[in-house]
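Laboratory data are not the source of any read-out in this text; all were calculated from the coordinates shown. None of the values given here were measured: they were computed from a predicted structure. Quick reminder, even Gly has a Cβ in these numbers, built from the backbone with ideal geometry, and neighbours come from all protein chains shown.
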Amino acid sequence: MRQVTPELYARVQHFYARQTHALDSGNFKEYVDTFTEDAIFHHSPDGPPARTRAGILAAAEAHREATKDDRVTRRHYFNQIVLTPLPDDSIRATLYALVVRTRHGEKVPDIWPSCLLEDVLTVDGDEILLRSRHISYD
Amino acid sequence: MRQVTPELYARVQHFYARQTHALDSGNFKEYVDTFTEDAIFHHSPDGPPARTRAGILAAAEAHREATKDDRVTRRHYFNQIVLTPLPDDSIRATLYALVVRTRHGEKVPDIWPSCLLEDVLTVDGDEILLRSRHISYD
Amino acid sequence: MRQVTPELYARVQHFYARQTHALDSGNFKEYVDTFTEDAIFHHSPDGPPARTRAGILAAAEAHREATKDDRVTRRHYFNQIVLTPLPDDSIRATLYALVVRTRHGEKVPDIWPSCLLEDVLTVDGDEILLRSRHISYD
């Protein structure tokens with residue numbers, strides 16, 4: 001199994017920081033490229049998962065369309081990352097996520113949602129990619 | 001004195017992430033094992049500190065019992081970690097802590113409390129343990 | 001260009017943790033020393049930037065004077081740090097910032113503001129310094 005070194009820990013933190021910036025800035029091409037081509041994303045407790053980069057892109061675009069009149073700036077905070085090696089050389093990442101939402105014209109943001117993310121990461125040389133994500137909403 | 005290297009910094013972040021997950025998921029055995037056997041935990045401004053793993057376990061269980069009807073999911077966020085070497089080869093960690101609380105059936109969580117944690121960590125090979133913690137509530 | 005290694009990533013996290021502790025504890029000497037002597041700090045969308053350590057110190061002291069009757073504890077959280085090498089051997093850091101405010105006598109803090117920070121860091125041996133900062137408020 002792959003060893004979880006301090007170097008890998010810092011690289012995974014950087015990976016998640018880049019992913020959240022891409023998502024929050026609406027750079028969906030860069031966002032989707034943080035997933036493997038065949039990734040599975042269980043983003044909703046009620047609906048089916050998104051599958052493949054194309055499917056995850058479609059889900060992100062549908063979310064943007066559904067919220068386009070919200071006039072809200074969203075920032076994803078991913079923290080408290082725990083990494084565990086898996087037998088197939090991938091890495092289980094279990095982490096907390098918050099979205100800080102600032103409504104335009106208002107000053108004080110609120111938080112929604114608070115979640116637990118259960119991810120599987122593949123590490124290939126310098127490249128980290130997200131193979132699966134399961135979100136549990138608090 | 002022990003040097004605070006980038007490797008140690010990442011290891012300490014990972015240590016705290018594991019500690020918060022253990023606490024929030026109610027895995028108190030794993031939580032208590034992040035303390036040294038003789039640890040002192042000043043958790044309350046008014047009461048005496050908890051001492052030893054057994055005492056810290058009893059305090060955690062008493063807190064769970066006191067809040068068992070709250071129907072709240074709590075997630076501890078530990079961030080902004082500053083490490084300073086101490087003369088006895090241990091490490092002073094000064095960090096910020098938030099608890100994000102989501103009440104079941106409600107969507108928007110609140111934060112309580114916001115704290116400063118003053119910890120002393122022992123580092124022995126690959127093992128990091130918490131020897132003392134002092135919490136100051138904002 | 002300077003390579004963004006996992007070691008540098010952890011060092012930058014530690015740098016920001018120290019900077020926020022210095023600022024929040026009112027240790028402005030230590031805070032100002034995290035900037036280069038000739039730093040530029042665009043802290044306000046409406047006003048001119050603060051320039052040089054002396055100017056940044058004056059801005060911090062003016063802010064403290066303006067808020068001295070607020071009876072609020074402020075804690076800066078800097079997270080989701082993305083680092084990019086710049087051609088002149090400096091590092092672009094793009095990160096999210098929150099301030100958690102606890103009013104004395106009240107328990108539940110609020111968050112204000114939520115920001116995007118666009119920083120330029122210089123790295124010289126073991127020393128990291130902030131050469132410029134631009135804040136965008138959500």
* To do: Work out the length of the dipole vector of chain A about its Cα centre, built from +1 on the beta-carbon of each Lys and Arg and -1 on the beta-carbon of each Asp and Glu, and round it to the nearest 20 debye.
  => 420 debye
* From the residues C:V4, B:G47, A:H104, which one has its Cα farthest along the dipole of the protein assembly as shown in the positive direction, the dipole being from +1 and -1 charges on Cβ of Lys/Arg and Asp/Glu about the Cα centre? -> A:H104
* **Global geometry of the protein assembly as shown, whether rounded, prolate or oblate, following the gyration tensor of its Cα atoms and the 1.5 cut on a/c** => rounded
* For residues of B:107-117, the mean tally of beta carbons on other chains within 10 Å -> 6
* Summing +1 for each Lys or Arg and -1 for each Asp or Glu, what net charge is found among the other residues whose Cβ lies under 12 Å from the Cβ of A:A10? -> 0
* For A:T102, C:T122, order by how many other beta-carbon atoms lie within 10 Å, fewest first -> C:T122, A:T102
* Structure fact -> Per-residue Cβ contact counts at 10 Å, fewest first, order A:T84, B:T52 as A:T84, B:T52
* Net dipole in debye of the protein assembly as shown [+1 Lys, Arg Cβ; -1 Asp, Glu Cβ; about Cα centre; nearest 20] -> 900 debye
* Please state the relative contact order of chain B as a whole percent: Cα pairs under 8 Å, 6+ residues apart? -> 25 percent
* Asked: Taking every residue in B:78-86, how many Cβ atoms of other protein chains lie within 10 Å of its Cβ, on average?
  -> 5
* **Under 24 Å from the Cα of C:K68 - lysines, other chains or at least 8 residues apart** => A:K107, C:K29, C:K107
* Averaged over peptide C:90-100, how many Cβ atoms belonging to another chain are found within 10 Å of each residue's Cβ? -> 3
* Asked: So how do B:K29, B:K107 line up by other beta-carbon neighbours within 10 Å, fewest first?
  -> B:K29, B:K107
